[in-house]
Amino acid sequence: LVVLLGACNNPCQAVCVEMARYADECGLAVSKDSILLCKESQAEATEAELESCAGWSDPNSLREWWTCEDLAENYADGGGAATGSD
């Protein structure tokens, strides 16, 4: 499912997909609708946001900053994408 949602993304939309992949590894269920909503919200990202997201779409970078617990909180709060942890 996540693979099909990964085509033709800007870097911020790619973060949505990569976070969903990582959430799956953490045993968290992320719906197709949640991924699509995240991607829609990132469709009009600014140049600065796109530049910031470019690093976060890398799986290793994402895992350095986010734990499975962080992802669980993010998705529980109705999130689905972010560009780093607090």
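Expressed as a rounded percentage, what relative contact order does the range 15-66 have, with Cα pairs under 8 Å and six or more residues apart?
48 percent
At a probe size of 1.4 Å, how large is the accessible area of Asp24, to the nearest 10 Å²?
Approximately 110 Å² of Asp24 is accessible to the 1.4 Å probe.
Working with all protein chains in place, sort Cys16, Cys8 by solvent-accessible area computed with a 1.4 Å probe, largest first.
Largest accessible area first, the list is Cys8, Cys16.
Provide the net charge surrounding Cys26, with neighbours chosen by a C-beta distance below 11 Å and charges set as Lys +1, Arg +1, Asp -1, Glu -1.
Once positives and negatives cancel, what remains is -2.
The values are calculated or read from the model by the stated rules, or taken from the named source; none is laboratory data. Model, not experiment: these values are computed from the prediction. So basically every Cβ, Gly included, is an ideal-geometry build from the backbone, and we count neighbours across all protein chains shown. Quick note on the areas: whole protein, heavy atoms, side chains included, nothing else; ligands and nucleic acids left out. Shrake-Rupley method; radii C 1.70, N 1.55, O 1.52, S 1.80 Å.
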